[in-house]
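The next block holds one structure in the form of structure tokens; read it before the comments.
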Amino acid sequence: VQLQASGGGSVQAGGSLRLSCAASGRTFSNNAMGWFRQVPGKEREFVASIGWGGPPQYYADSVKGRFTISRDIRKGTVYLQMNSLSPADTAVYYCAGRRSASIARDARAFDYWGQGTQVTVSS
């Protein structure tokens, strides 16, 4: 089972990026998925998660109203649309999948992890 994250890059404050997470080895169509981020020296931080059928979605307070998580079951892909980016959003972003269909926020609840994609926001 592999999760491949892509779409990171460098953007100026106020800009947008869309991250994608493609699953191989299994479809994750019946599993909850999530995005986390991490900066050097800090713990991995929850960003957003989504249930197997779409809603509900959970968001960290720091990204609520700016980020949107979604999924395309047919493509086996989960997205994170990030708008109004600020330097505080700079991090390596990881997608994650659960064996369970239940949505979660805790990184320890996720069983599969992608390799991460760097997002850098300059002021």
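The values are calculated or read from the model by the stated rules, or taken from the named source; none is laboratory data. Remember, it's a predicted structure, so these values are computed and weren't measured experimentally. With ideal geometry, Cβ positions are generated from the backbone for all residues, glycine too; neighbour counts draw on all protein chains shown. Each accessible area value is taken on the protein alone, full model and side chains, heavy atoms only, with ligands, DNA and RNA left out. Shrake-Rupley method; radii C 1.70, N 1.55, O 1.52, S 1.80 Å.
Only one residue in A23, A48 is modelled with pLDDT under 95, under 11 Å from V78 (Cβ atoms) and in contact with a strand residue (DSSP E or B) (Cβ under 7 Å, 6 or more places away or on another chain). Which one? Of A23, A48, the one residue that is modelled with pLDDT under 95, under 11 Å from V78 (Cβ atoms) and in contact with a strand residue (DSSP E or B) (Cβ under 7 Å, 6 or more places away or on another chain) is A23.
Which residue is most open to solvent (accessible area, probe 1.4 Å), if the candidates are limited to segment 33-61 and must be touching a Phe, Trp or Tyr at 6+ places or on another chain (Cβ under 6 Å) and in a loop (DSSP other than H, G, I, E, B)? Across segment 33-61, the extreme among qualifying residues is R44.
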